[in-house]
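Down below is the structure, laid out as structure tokens.
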Amino acid sequence: MAFLSRVAAGAITLFARFITAVRADWQGIEPVPRQRVYFANHVSHGDFILLWTVLPPRMRRQTRPVAGADYWLKSPVRRFIGRDVFNAVLIDRNRDTRASDPIGQMADALDGGASLIIFPEGTRNETDAPLLSFKSGIYHLAKTRPDVDFVPVWIDNLNRVMPKGEFVPVPLICTVTFGEAMRVGDDETKEAFLTRARDALLFLSAASEGDA
């Protein structure tokens, strides 16, 4: 299974690069193998794949996306991709049925040496607004592991590569922009941290539009 997972990961990476010609733009941070939590905007189920694809191989191997178990365990193919190929931290988003605390699951993954990819909006943004409101999970994770760097990441154009309701991707160039790392302050409130994190993504969005 490990061999099949590696082959599948390579094939998915090549396909993502072929369709999107994706490029990484590292602003104020270097692509070094340091433990981080990458937090990004969320418009497609392919977001974490594109972010994961642009990481250097050594960083890619230690980085785990955090994703909804309800979606990635829905079929054998999705289960294989989410759990076996990407080693995702699968979260039960239903408060009534979940057996594990999501923050605890993510903290355990960090304690195991992994970096994480998270989406603070909690669900895909299908509105005209650049971002939805952030859920509080990113703040609680930052407070739980205050020595870990949180890196804002803006994924541009992927919603146009795979528009809602379409099954055939449209080849378009995508950019994944990484911003300056941040950490939660000792006395920083939840509201202040969420605002700062959201502003960091909006700044990258504006910079990405300026480069277009």
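Sort out which residues of segment 115-145 are part of a strand (DSSP E or B) and hydrophobic (A, V, I, L, M, F, W, C), and write them in order of number.
Leu116, Ile117, Ile118
When the residues of segment 61-94 are narrowed to those that are in a helix (DSSP H, G or I) and in contact (Cβ under 8 Å) with a residue 40 or more places away in the chain, which ends up nearest to Ala9 (Cα to Cα)?
This residue is Val85.
Going through Ala9, Ala69, Ala2, Ala40 one at a time, which residue ends up being more than 28 Å from Arg98 (Cβ to Cβ) and of a type outside the set (Lys, Arg)?
Only one candidate passes the filter, namely Ala2.
With respect to Val54, determine if the residue is open to solvent by 40 Å² or more (accessible area, probe 1.4 Å), among the aliphatic types (A, V, I, L, M) and either more than 11 Å from the chain's Cα centre (by Cα) or within 21 Å of Ala197 (Cβ to Cβ) (or both).
So Val54 fails the test.
Of everything in segment 124-136, what is within 16 Å of Leu194 (Cβ to Cβ) and of a type in the set (Val, Ile, Thr)? Give them in sequence order.
The answer is none; no residue qualifies.
So Phe39 fits all but one of (1) under 18 Å from Arg79 (Cα atoms); (2) open to solvent by less than 10 Å² (accessible area, probe 1.4 Å); what number is the exception?
Evaluating Phe39 over (1) under 18 Å from Arg79 (Cα atoms); (2) open to solvent by less than 10 Å² (accessible area, probe 1.4 Å) leaves (1) as the failure.
Given the conditions (1) surrounded by fewer than 22 Cβ atoms within 10 Å (Cβ to Cβ); (2) modelled with pLDDT of 90 or more; (3) assigned to a loop (DSSP other than H, G, I, E, B), report the number of the one that Thr97 does not fulfil.
That leaves (2) as the condition not met.
The values are calculated or read from the model by the stated rules, or taken from the named source; none is laboratory data. This one's a predicted model, so the numbers in the text were calculated from it and none came from an experiment. Every residue, glycine among them, receives a Cβ derived from its backbone with ideal geometry; neighbour counts consider all protein chains shown. Heads up: the accessible areas ignore ligands, DNA and RNA and are worked out on the full protein's heavy atoms, side chains in. Shrake-Rupley method; radii C 1.70, N 1.55, O 1.52, S 1.80 Å.
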